[in-house]
1. Give me a count of the residues in the stretch 68-92 that are under 13 Å from K13 (Cα atoms) and under 18 Å from the mean Cα position of the chain (by Cα).
2. Which condition number does R229 fail, the rest of (1) among the charged types (D, E, K, R); (2) open to solvent by less than 40 Å² (accessible area, probe 1.4 Å); (3) more than 17 Å from the chain's Cα centre (by Cα) being met?
3. Given the options G182, G200, name the one that is open to solvent by 20 Å² or more (accessible area, probe 1.4 Å), at positive phi and under 19 Å from the mean Cα position of the chain (by Cα).
4. Only one of these conditions is not met by R158: (1) open to solvent by 20 Å² or more (accessible area, probe 1.4 Å); (2) in contact with a strand residue (DSSP E or B) (Cβ under 9 Å, 6 or more places away or on another chain); (3) over 24 Å from A40 (Cα atoms). Which number is it?
5. Please specify each residue of the stretch 33-72 satisfying the condition of being touching a Ser or Thr at 6+ places or on another chain (Cβ under 8 Å) and part of a helix (DSSP H, G or I).
6. For the stretch 40-62, enumerate the residues that are at pLDDT below 95 and either open to solvent by 60 Å² or more (accessible area, probe 1.4 Å) or within 15 Å of N25 (Cα to Cα) (or both).
7. Write out, first by first residue and then by second, each pair whose Cβ atoms fall under 6 Å of each other, whose residues are 6+ apart or on separate chains, and whose first residue, in the stretch 82-95, is farther than 14 Å from R61 by Cβ while the second is of a type outside the set (S, T, Y) and part of a loop (DSSP other than H, G, I, E, B).
8. Out of all the residues in the stretch 208-224, is one or more part of a loop (DSSP other than H, G, I, E, B), closer than 20 Å to A114 by Cα, at pLDDT 95 or above and of a type outside the set (S, T, Y)?
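The values are calculated or read from the model by the stated rules, or taken from the named source; none is laboratory data. Owing to the predicted nature of the structure, the values given are computational and were not obtained by experimental measurement. Cβ sites come from the backbone with ideal geometry, for glycine too, and all protein chains shown count toward neighbours. When the accessible area is computed, the model is the full protein with side chains, heavy atoms only, and any ligands, DNA or RNA have been set aside. Shrake-Rupley method; radii C 1.70, N 1.55, O 1.52, S 1.80 Å.
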Amino acid sequence: MHAHESSGRSAMKIGIIGAGNIGGNLTRRLTALGHDVSVANSRGPETLRELAEETGATPVRAAEAAEGARVVVVTVPLKAVPDLPAGLLDGAAEDVAVIDTGNYYPQRDGRIAAIEDDGLTESRWTEQHLGHRVVKAFNGTYAQDILDRPRPVGDPDRLALPVAGDDEAAKRTVRELIDALGFDTVDVGTIADSWRQQPGAPVYGLRAGVAAVREALAQASPERPADFRA
């Protein structure tokens, strides 16, 4: 483990549910940082053999991904969230931080009235299905940047990621993890404020540092952009 001591952080058990572009690249980076990663997808552990061999992550069924985990990343299409196993987080660490990377794309997910008509933020909708508070992060991040764009603290080219959540301790855990991955963070506020980082908002997909990310968050409008309505 000597290679990982310089980060000054101890290894954590991390569960990743969803092995698409974001889930796969977080698996690659978090295993490289020395964390004990379990990864699941909708098709079953045998379909994750290559990723497991490449990274040393443990392929599991979704129901087992959070077992003992200190951090759980939920990175599935929004329409798949209600299909996740009930009690998914029951076996997780008591102080588990749950990262929601999801976005509502009506073209893919179908129309979700609670989001469109009732004005629920996407992450609040996800929280209600999971029965657990989440920290919204990585939803506007290019998956390839997770591999290609880490920079050390203080580097002028270091990108900043917006992070929202109601649980301050969980948010701190997530921000420290993102820092270790090589990115700055900007605190967006609560899940009620997280519309500021949803699709169509100025910060969504923005590759920039802290100052520009803050500015983009300040410019956001609570009105859902037409492109992201059914």
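1. First pass over the stretch 68-92, keeping only residues under 13 Å from K13 (Cα atoms): 68-73, 91-92.
Now drop any that are not under 18 Å from the mean Cα position of the chain (by Cα), which leaves 69-73, 92.
Qualifying residue count, the stretch 68-92: 6.
2. (2)
3. Values: G182 fails: open to solvent by 20 Å² or more (accessible area, probe 1.4 Å).
The match here is G200.
4. R158 satisfies every listed condition except (1).
5. If the condition is that a residue be touching a Ser or Thr at 6+ places or on another chain (Cβ under 8 Å) and part of a helix (DSSP H, G or I), then L51, A52, T55, A62, E64 are the ones that fit.
6. Start the filter on the stretch 40-62 by keeping residues that are at pLDDT below 95, which leaves 42-44.
S42, R43, listed by residue number.
7. Within 6 Å, the pairs are L89/A66; L89/H132; A92/A66; A92/A69; A93/R70.
8. No.
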